[in-house]
Amino acid sequence: MIFKPRRKPGVADVSDLLNNPLVQWQHKYYVWLLLLVAVVTPTVIPGLCWGDWKGGYFYAAMARLVFVHHSTFCVNSLAHWLGETPFDDKHTPRDHMITAFVTIGEGYHNFHHQFPMDYRNAIKWYQYDPTKWFITVMSWIGLASQLKAFPDNEVRKGQLTMELKKLKLKADDMKWPTSSNDLPIITWDSFQEQAKTRPLVLIAGFIHDVSSFMDEHPGGRHLHSQKHWQGCDDGLFRGVYWHSNAAHNLLAMMRVGVLRGGLELESEKAIPPSQRLEIIRGQALARLRADAASKEHHGIYDGERRGEAVGQWDEIQGLPSPPLSTGALDSGDEAGSQPEEMDSLRLSHN
Ligand SMILES: [Zn+2]
């Protein structure tokens with residue numbers, strides 16, 4: 001409003017409006033129509049009918065004008081300040097019922113900015129949006145046609161993105177097991193040696209120090225004596241994987257090392273239930289890409305399946321096909337500060 005934009009907006013094709021005589025008539029007499037409809041009519045009706053010229057002028061004309069203008073322009077203030085951002089939070093528009101009532105149906109502004117071509121302002125039929133209801137009813141009786149609605153599948157993707165973002169923030173607020181990349185790699189001999197001095201447990205290739213937990217486990221200390229645990233990885237697998245989600249999550253927090261050559265069993269069993277939904281950011285993604293490229297180069301993946309075509313698919317999708325990490329959420333400090341850089345999610349095999 002203060003500065004003129006340097007670039008003029010592109011010319012819109014309004015030839016249909018220019019050729020519509022009714023629209024042209026309104027355009028030509030706009031100011032006179034405005035005065036007649038907004039000021040003269042609401043003043044004259046109470047004046048002639050019950051002699052209240054002043055009341056008509058003040059309440060029906062001027063007060064209404066002020067009220068309607070304020071509520072209309074709330075779309076540019078209130079609707080960009082109050083409420084939720086269920087579809088996208090890159091910009092300021094928000095959805096809120098109060099705004100919807102104040103603006104007579106323009107309150108679902110986050111949706112409107114995200115999907116401006118949609119004839120609806122609020123997507124649910126019951127959300128207060130009289131214009132949408134009116135247009136819908138008109139379409140039922142054949143007075144409106146070709147209503148434009150954004151594909152539902154894409155609308156839901158927007159919602160999912162925002163829900164993931166919320167989950168990411170929640171996850172960033174928690175403590176997570178040390179990533180397998182950051183754990184020391186321990187040889188079998190060293191593990192045996194250290195297990196003599198503290199209660200170490202080997203499960204799924206991870207070495208856990210269970211000293212903090214020994215007395216709290218139901219069944220007591222004897223169940224977890226070193227003799228019972230140590231070295232019987234395979235046997236423990238059956239036992240451990242009957243445990244609850246909470247037990248797996250807790251166990252993962254006790255990881256202190258990775259057994260050299262012991263991570264064959266990694267994959268889904270090594271990922272605690274709480275980390276199955278993995279959300280990775282741009283940086284982590286780049287790291288994964290580099291990782292995948294180098295592994296592919298060294299032929300770690302099955303060569304036959306990953307020929308030219310698969311390589312191209314990777315580029316398009318931006319993700320390596322098999323999951324690479326052990327399930328660490330990559331929720332380093334950088335992850336928390338800029339959640340909007342979140343790029344995608346991965347679900348572990350399960
Ligand atoms: Zn807006």
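The values are calculated or read from the model by the stated rules, or taken from the named source; none is laboratory data. Keep in mind the model is a prediction, meaning the values are calculated, not measured. Cβ sites come from the backbone with ideal geometry, for glycine too, and all protein chains shown count toward neighbours.
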Let me spell it out: the conditions are (1) over 33 Å from the mean Cα position of the chain (by Cα); (2) assigned to a helix (DSSP H, G or I), and residue 4 meets all of them except one. Which number is the exception? (2)
In segment 66-118, what residues are of a type in the set (Ser, Thr, Tyr) and within 13 Å of the ligand (Cβ to nearest atom)? 72, 77, 85, 92, 99, 103, 108
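If you go through segment 164-186 one residue at a time, do you hit one that is more than 16 Å from the ligand (Cβ to nearest atom), more than 29 Å from the chain's Cα centre (by Cα), farther than 30 Å from residue 77 by Cα and without any contact (Cβ under 8 Å) to a residue 60 or more places away in the chain?
Taking segment 164-186 first, the residues more than 16 Å from the ligand (Cβ to nearest atom) are 164-186.
Among the residues that remain, those that are also more than 29 Å from the chain's Cα centre (by Cα) are: 183-186.
In the following step, the residues that additionally are farther than 30 Å from residue 77 by Cα were identified as 183-186.
From the residues that got through so far, the ones that are without any contact (Cβ under 8 Å) to a residue 60 or more places away in the chain too are none.
No, segment 164-186 has no match at all.
Answer yes or no as to whether residue 34 is under 25 Å from residue 76 (Cβ atoms), in the same structural domain as residue 76 (by TED's automatic domain parsing) and free of Cβ contacts under 8 Å to residues at least 12 places away in the same chain. I'd like the intermediate steps shown before the answer.
On the way: under 25 Å from residue 76 (Cβ atoms): yes; in the same structural domain as residue 76 (by TED's automatic domain parsing): yes; free of Cβ contacts under 8 Å to residues at least 12 places away in the same chain: yes.
Yes.
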Any hit, segment 132-155, residues being within 16 Å of the ligand (Cβ to nearest atom), among the β-branched types (Val, Ile, Thr) and within 27 Å of residue 78 (Cβ to Cβ): no
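Would you call residue 78 touching a residue at least 24 places away in the same chain (Cβ under 8 Å) and surrounded by 13 or more Cβ atoms within 10 Å (Cβ to Cβ)? So that I can check it myself, show each step before the final result.
Numbers: touching a residue at least 24 places away in the same chain (Cβ under 8 Å): yes; surrounded by 13 or more Cβ atoms within 10 Å (Cβ to Cβ): yes.
Criteria met by residue 78.
Do we have residue 54 as more than 12 Å from the ligand (Cβ to nearest atom), at pLDDT 90 or above, in the same structural domain as residue 132 (by TED's automatic domain parsing) and of a type in the set (D, E, K, R) here?
Values: more than 12 Å from the ligand (Cβ to nearest atom): yes; at pLDDT 90 or above: yes; in the same structural domain as residue 132 (by TED's automatic domain parsing): yes; of a type in the set (D, E, K, R): yes.
Yes; evaluated as a whole, the condition is true for this residue.
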Hey, residue 215 hits all of (1) in contact with a Phe, Trp or Tyr (Cβ under 8 Å, 6 or more places away or on another chain); (2) at pLDDT below 85 but one; which does it fall short on? (1)
